[in-house]
Structures are given as C-alpha cells and as structure tokens.
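A.B. asks: Encoded as structure tokens, here's the structure I'll be asking about.
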Amino acid sequence: MAARRGLTLIIAGTAAVALAYAAAFFPAAALRWAPWAMTVGIGFLCAGFMVLGAARPGRSLGPIWIPVAFTFVVLVVGLGLALALPGTEGPTTRLLAGLPPRAALVLYGVGLLPALVLPLGYALTFKRFTLDAADIERIRSAREQRDGSLP
Amino acid sequence: MTLALALQTAALPRVAQPTVLFSALAYMLVVAVIAAWASRRTRTARDFFVAGDGIGVWTLAIAAMAATLSGFTFIGGPGLVYSLGLGAVFIVLPASLTNTMTTWTLAKRLRLLAEVRGLITVPDAIGARYRSRSAQGLAGIAMLVAIVGYMATNALALGLVIDAVFGTGLPAGIWIGSAIMVAYSAAGGMLAGVYTDVFQGIVMAAASLLVFYYALGSGGGLAGISRSILASDPTFLGPWGKVSPLGALSFFFVFGIGALAQPHVIHKFYMLRDPLRLKWYPAIMTLALMVTVLLYFGVGIAVKALVAEGTMAPLARADDATPQFLLGFAPVALAGLVFAGVAAAIMSTVNSFMNVGAAVVTHDLPVALGRRVHNELLWGRLTTVLLAAVAALVAQVSGTLVAFLGIFGWGLFASTLVPALAIGLNWPGATRAGAIASIATGLVSTLAFESMAYFRVYAFPAGVTISGLSLVLSLLVFFVVSRATRGQASDVDPDIRLVMDT
C-alpha cells in the first residue's frame, strides 16, 4: 500500500515537472505557473522516492511518514513562499540571520532543515522499519539455496 | 540551458608559491603511500572493483562525499555563484535531502543484491533485476559515454590546477595528473580509491570549512556581506538570483533526483562490510557534504561583496573567484590546502569513474554479449590505463570536444539510470521492456538535445534544463512501456524479489 502511494507520488511529480517544461515552450503567461508546477513536482518526487524506497510489503511505513511529510512541506512551502512573496530585496531590507527573508527561506529552510530531520528519521526508524539481523539472515539463506541449486 | 556552465576549461591564475608547492607535494606523497599500501592488498577482481566489500560506514560516507564533489565545487561553483547569485546555489541545495533519499531508495537494496548475488557493478543490478543482458549492456554503454566525457573534463581541470601550482604548462599538467591517477587506480583499484577518497574528502572538508570562515570574515559576517551586495545588486540575493525561477528549480530537480543514479557514488554501497551499519550513513554523508559545499556558497558571495565594496577589482573571469580570494584574503597556507583540496576533489571523482568505467568494459559489456573475461583483475587494470589515456588525449587535443563531452555526464546518468534502477529496484510492476525503453530514451534524448543546443541548431526556452527534460522523458517512457507490457512484470527471480521486498 505504501509502495503504491510512493509510486503515485512519483508519477504525479513526473507529470507536474513535464507540465512545467511543456509550459516553458509556450507564451509568457504559461511561465507564471510553470515554476509552481515544478515546485509541486519536486515535492512529490522527493517524497515519492523516499516512500517507495522505505515501503515493505505487508508493513506500514510507521513513523517514517513524519520526516517524509516534513520534507514535502518544507520543499513546497519554502519554495512556494519564495515564489509567492514579493521581491523587496534592497539596501534597507531587514535581514533574517544575515540574509534577506526570501533567501533565508530557501537557504535555511530548503537547504538546511531536511538535513537536520531526514538522517535522524532514517537512523531512528532503521532497525524496526528498514533492516535488521533477521532480514539479513533471510537473504543469506536465499543465497545458500541459490548456490545449492546451481549446477 | 545546458550544464556546460559547470565545466572548468580556462586557465587559472598562477599560484606557484613555496607554501602552495609544499602543500601540493605533501598531498601527493600521502596519496602515494595509501596507493602503495592498497596495491599490496589488491589480489582479486572483487578487491579491485568493490574493495573486497569490506569497508566501514565512515569510510563509505566520506569516500562517497569525495566522489560526489568534483573540482567544480571549489573553482567553477563559487564562480557561478559570483555570476548568477543565489540561483547557482540550487545546484547544491538538494544536498540536504539527497543522501537520505538515495539511502532509502537504493542503498539497502544494492547492498543486499551484493549479498545474495555477489554483484559488483551498477549495470549488474539492472541485469539481475530484469533478467536481461540487453538492459545491462545498454546501461553499461550509457555509463561509458558519460564516463569518458566526465573523465576528459576532469583531466583537463586537473591539468589546469597542476599548471597553476607547478607552472608545468597545460599539456604536461594533463599528463602528469593523469599519470598520478592511473598509478594509484590501476595498482590499487577501488581499495586504493576509497582510502585515498577518505583522505581527499577530509582535505576537502577542512579546506572548505576554513575558507568559509575567512570568507565570512572578509565581508564583516554574513549580514555585512548581504548589506554590501544589496546596496549594489539586490537581485543577486533574491531567492533565484539572476536565474529565472524555473531555471533555478530545474537545477534542483536535475541535481536532486539525478543524485539517485550517480554510479560512482551508489556503486560504493556494494562495498559496505555490514549492511546494518547503513543506519548512520545518511547522517555522516549529509554532514560531510554540507560542510564541503560551504566554500561554494561562501566564496561566491564574499567575492561579490568585496567587488561591490571596491575592495577587490571585478573579476575578468568568474572562475577566478576562488584563486583571487585565496591570494588576497586568506593565509597562504590555506591557499595550499585549498589547491590540494581541488586536486583531491578532481582525483577522487576521476578515480571512481576509472574504476566504474573499467568494470563496464571488462565485466558488463562481455556479460551483455554472453561472455566472461578471464582474469578480470588484469583486464581491469589495463582498461583503467586505457580509459585514462583516452581521457587525457581528448583533454589535450580539443578543449571544445572536452566541453561538449563534459556536459553529458550528470544528466546522462540521471536520465538513463533513475527509472530503471531507483524505481525498478522498488517497484515489481517495472518491466524489462520499460527499463530498456527508458535507458534508450535517456541516452538518445540527452545526446540529441545537448548536441542541438551545443551546436546552436535549436535554442531551448529559458528555464528548460536539457538534462531535466531528458530525465522527465525517460521517466514517462518507463511508466508507459511498463504499463503496456505489464504481463512481463512477474518475471523476477525469487532471490531478487526477496531483496526488493526486504
């Protein structure tokens, strides 16, 4: 079930990115929404690949959905706000941690927050939801079976 | 928009000072010692191609980071930030998530494939997944085209660095650099590769961190740098810099999703001694990668601010950003470390390509033709020398050809391997026909579109990255053909299916 969701996200993301590129071949009006399609597409694709990779038949994603959903929200909201907020950068712009607000949103939000959350999410869910010693034992048994059946 | 802007093809300023020379020589000496140690331990093809699958997670992560980042991170990248502003940062921005995404998607499955089948190459995994020698061979050919281009570009870049440090002249620089890389790659194979990568990765990370510190200091901190830039060129610090929003997002798409299929990086998953140690791989790799790309961003904006303030003269060429900054605003010892770091970045990437390319020639292509090469270790070594010689020759003969070949690399890997590998290893519905069609689509569309753009036959609209367009096309073809041939979907060996379900 989780794998199907991941695949659906990847297909939706691919379609959104394809739409964004297709729009670029048309007049300027289409270019206004092309970056939005690309933003949504990137969010879907990144979340989709993570879900597809983490999914295992007959098991739920468990708490893995939390860092994945977080990343999706950070990507779509961070890049979306950078698109939506008016460009007011200038000499008197108030800085946020040393950068103009829209740049800070992109660098600290999209460029930093997933780096703090995703690896931790992966490590904390690894043993229960990704791989344990019993899984490796099953794989080794399969290898022995295969080796034994080869001429 | 092509990826040609990421190529280093012009000469660097001369930095032949005693401290820089000493740092470069000391660096080469350490590489030589590691290579000599590794060559004595390389006894089988498995040692040569996958380091005897016996490395730890720290080694894996730092070696993967060193292989991921080429000299572009230190020279071309900061120059690109100086020219394009924050839009250029979208090339490295996905680093915050690509490692975890790649680990979830591929690391466990590739490592378990090594466990169950003893696979040693990325096309091996495609061949095993789809029970198809054609898919394996086609993936190998696509990789080889990209590898030769990548290697030629990096041989030229290394020649430029050696010329800047030792004043050898470019042709001699190319051959000296290639000879050093061949010496340790052919003798020690991947075993030498990963341990030199670890040393090189540490040099790169240390250089980047220190330069970032000096870069911030030179402009009065990040706020001071921002104020200087905003006073003269506010667009530079807009979220997209001087690139269109679609162009910047297109960078994110290509370098984010494309990271799933860089064979010189994901091939290293086969080498991990204990699969359970993957637990901490994303954390170590992400930290190492993010520290090492600090220089990319820091030097780019610091130089822009220094030029805006009038402290530094405007650059004649964007690629001068790092050398000019080091020579004017950092201790000379740090300049030595950074030039060693540049050489390290190039050599670690090329070494991985040599190894992966040699494996394609001596393993994947013969397997695709239904043959086996006897003594893969010997032929692997000979092919490594041959590939390096071809790359050096191409780099020396034609700068134009190098630029043309170099633009294929990343995009070709992405468009040919992401669907068949990253999706195919996780989705039982993927079919052999879908994989072959998507690899062929990625190969043909990348070569055709990049050629059309390079030779100015057709100008793609602003914001359309050719690599991105090719990747989308190959993804669409993969889904459509897999759907159309879904009757083949159950044609997966039981042990491979077990890996996919684990």
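A.B. asks: Condition test on A:I11, is it hydrophobic (A, V, I, L, M, F, W, C), in contact with a helix residue (DSSP H, G or I) (Cβ under 7 Å, 6 or more places away or on another chain), surrounded by fewer than 21 Cβ atoms within 10 Å (Cβ to Cβ) and facing chain B (nearest Cβ under 10 Å)?
C.D. replies: yes
A.B. asks: Please verify whether segment B:315-326 includes one or more residues that are touching a Ser or Thr at 6+ places or on another chain (Cβ under 7 Å), within 12 Å of chain A (Cβ to nearest Cβ) and open to solvent by 10 Å² or more (accessible area, probe 1.4 Å).
C.D. replies: Within segment B:315-326 (the criterion being touching a Ser or Thr at 6+ places or on another chain (Cβ under 7 Å), within 12 Å of chain A (Cβ to nearest Cβ) and open to solvent by 10 Å² or more (accessible area, probe 1.4 Å)), the answer is no, since none of the residues qualifies.
A.B. asks: Determine which member of the set A:A54, A:A2, A:A20, A:A34 is touching a residue at least 40 places away in the same chain (Cβ under 8 Å) and facing chain B (nearest Cβ under 7 Å).
C.D. replies: Answer to the check: A:A54.
A.B. asks: State whether one or more residues within segment B:275-288 are of a type in the set (F, W, Y), at the interface with chain A (Cβ under 10 Å from one of its Cβ atoms) and touching a Ser or Thr at 6+ places or on another chain (Cβ under 9 Å).
C.D. replies: Looking through segment B:275-288, at least one residue is of a type in the set (F, W, Y), at the interface with chain A (Cβ under 10 Å from one of its Cβ atoms) and touching a Ser or Thr at 6+ places or on another chain (Cβ under 9 Å).
A.B. asks: Could you check segment B:452-479 and list, in sequence order, the residues that are free of Cβ contacts under 8 Å to residues at least 40 places away in the same chain, more than 8 Å from chain A (Cβ to nearest Cβ) and of a type in the set (V, I, T)?
C.D. replies: B:V457
A.B. asks: For segment B:181-195, state whether one or more residues are touching a Phe, Trp or Tyr at 6+ places or on another chain (Cβ under 9 Å) and within 14 Å of B:F297 (Cα to Cα).
C.D. replies: No, segment B:181-195 contains no residue that is touching a Phe, Trp or Tyr at 6+ places or on another chain (Cβ under 9 Å) and within 14 Å of B:F297 (Cα to Cα).
A.B. asks: Has segment B:257-270 got any residue that is within 8 Å of another protein chain (Cβ to nearest Cβ) and out of contact with any helix residue (DSSP H, G or I) (no Cβ under 6 Å at 6 or more places or on another chain)?
C.D. replies: no
Every residue, every condition in (1) modelled with pLDDT of 95 or more; (2) part of a helix (DSSP H, G or I); (3) open to solvent by less than 10 Å² (accessible area, probe 1.4 Å), yes or no:
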{"site": "B:V211", "(1), (2), (3)": "no, yes, yes"}
{"site": "B:L216", "(1), (2), (3)": "yes, yes, no"}
{"site": "B:F251", "(1), (2), (3)": "no, yes, yes"}
{"site": "B:V254", "(1), (2), (3)": "no, yes, yes"}
{"site": "B:I257", "(1), (2), (3)": "yes, yes, yes"}
{"site": "B:K279", "(1), (2), (3)": "yes, yes, no"}
{"site": "B:I301", "(1), (2), (3)": "yes, yes, yes"}
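A.B. asks: Taking only pairs six or more apart or across chains, which ones have beta-carbon atoms under 7 Å, a first residue in segment B:303-322 that is over 20 Å from B:T73 (Cβ atoms) and part of a helix (DSSP H, G or I), and a second residue that is open to solvent by 60 Å² or more (accessible area, probe 1.4 Å) and aliphatic (A, V, I, L, M)?
C.D. replies: Matching pairs, first to second residue: B:A308/B:A231.
A.B. asks: Applying the selection to segment B:170-202, what residues are at pLDDT below 85 and surrounded by fewer than 18 Cβ atoms within 10 Å (Cβ to Cβ)?
C.D. replies: Residue satisfying the conditions is B:L170 alone.
A.B. asks: Let me ask another. With the checklist (1) facing another protein chain (nearest Cβ under 8 Å); (2) under 30 Å from B:R111 (Cβ atoms) in hand, flag the one item B:A489 doesn't pass.
C.D. replies: The one condition B:A489 does not meet is (1).
A.B. asks: Output yes when any residue across segment B:35-45 is touching an Asp or Glu at 6+ places or on another chain (Cβ under 9 Å), open to solvent by 20 Å² or more (accessible area, probe 1.4 Å) and basic (K, R), and no when none is.
C.D. replies: Yes: one or more hits.
A.B. asks: Could you tell me which numbered condition A:A47 fails, if it satisfies all but one of (1) free of Cβ contacts under 8 Å to residues at least 24 places away in the same chain; (2) facing chain B (nearest Cβ under 10 Å)?
C.D. replies: (1)
A.B. asks: Which helices (runs of 4 or more DSSP H) sit wholly inside segment A:65-151 and have at least 1 residues that are facing chain B (nearest Cβ under 7 Å), open to solvent by less than 10 Å² (accessible area, probe 1.4 Å) and closer than 30 Å to B:D495 by Cβ?
C.D. replies: A:113-125, A:133-149
A.B. asks: Of the residues B:G370, B:G357, which single one is over 17 Å from B:L69 (Cα atoms) and in a helix (DSSP H, G or I)?
C.D. replies: Every option except B:G357 fails the conditions.
A.B. asks: May I pose another question? What number of residues within segment A:53-64 are of a type in the set (A, V, I, L, M) and part of a helix (DSSP H, G or I)?
C.D. replies: So the answer is 2.
A.B. asks: Mind checking which residues of segment B:419-450 are in a helix (DSSP H, G or I), touching a residue at least 12 places away in the same chain (Cβ under 8 Å) and open to solvent by 20 Å² or more (accessible area, probe 1.4 Å)?
C.D. replies: Once the filter is applied, which keeps residues that are in a helix (DSSP H, G or I), touching a residue at least 12 places away in the same chain (Cβ under 8 Å) and open to solvent by 20 Å² or more (accessible area, probe 1.4 Å), segment B:419-450 yields B:R432, B:A433, B:I436, B:A437, B:A440, B:T441, B:L443, B:L447, B:F449.
A.B. asks: Given the criterion more than 9 Å from every other protein chain (Cβ to nearest Cβ) and within 21 Å of A:G87 (Cα to Cα), identify the matching residue among B:S178, B:S250, B:S244, B:S228.
C.D. replies: Exactly one residue qualifies, and that residue is B:S228.
A.B. asks: Something else now. Given the structure, is B:G167 away from every other protein chain (no Cβ under 14 Å), of a type outside the set (D, E) and out of contact with any helix residue (DSSP H, G or I) (no Cβ under 8 Å at 6 or more places or on another chain)?
C.D. replies: Yes; evaluated as a whole, the condition is true for this residue.
A.B. asks: Across segment B:97-136, what is the number of residues that are over 13 Å from B:A420 (Cβ atoms), small (G, A, S) and modelled with pLDDT of 95 or more?
C.D. replies: Count: 1.
A.B. asks: Counting just the residues of segment B:101-137 that are charged (D, E, K, R) and open to solvent by 10 Å² or more (accessible area, probe 1.4 Å), which one comes out nearest to A:E137 (Cα to Cα)?
C.D. replies: Ranking the candidates gives B:E115 first.
A.B. asks: Answer yes or no: is there a residue in segment B:416-435 that is within 25 Å of B:G87 (Cα to Cα), at pLDDT 95 or above and of a type outside the set (F, W, Y).
C.D. replies: Yes, there is a match, as at least one residue in segment B:416-435 is within 25 Å of B:G87 (Cα to Cα), at pLDDT 95 or above and of a type outside the set (F, W, Y).
A.B. asks: To continue, here is another question. With of a type outside the set (A, V, I, L, M, F, W, C), without any contact (Cβ under 8 Å) to a residue 60 or more places away in the chain and farther than 26 Å from A:W65 by Cβ as the only criterion, which of A:P119, A:P100 stands out?
C.D. replies: A:P100
A.B. asks: Right, next: Can you find, within segment B:451-493, the residue that is farthest from A:F25 (Cα to Cα) among those that are open to solvent by less than 40 Å² (accessible area, probe 1.4 Å) and outside any helix (DSSP H, G or I)?
C.D. replies: B:D493
A.B. asks: Somewhere in segment B:80-100, is a residue at the interface with chain A (Cβ under 10 Å from one of its Cβ atoms), out of contact with any Ser or Thr (no Cβ under 7 Å at 6 or more places or on another chain) and open to solvent by 20 Å² or more (accessible area, probe 1.4 Å)?
C.D. replies: Yes, that holds for at least one residue.
A.B. asks: Quick one: A:I136 ticks every box in (1) aliphatic (A, V, I, L, M); (2) at pLDDT below 95; (3) within 20 Å of the chain's Cα centre (by Cα) bar one, so which box is it?
C.D. replies: Failed condition: (3).
The values are calculated or read from the model by the stated rules, or taken from the named source; none is laboratory data. Note that the coordinates shown come from a computational prediction; the quantities given were computed from them, not determined experimentally. Note: ideal-geometry Cβ built from the backbone for every residue, glycine included; neighbour counts use all protein chains shown. For the accessible areas, the whole protein counts, side chains as well, though only heavy atoms, and no ligand, DNA or RNA atoms are used. Shrake-Rupley method; radii C 1.70, N 1.55, O 1.52, S 1.80 Å.
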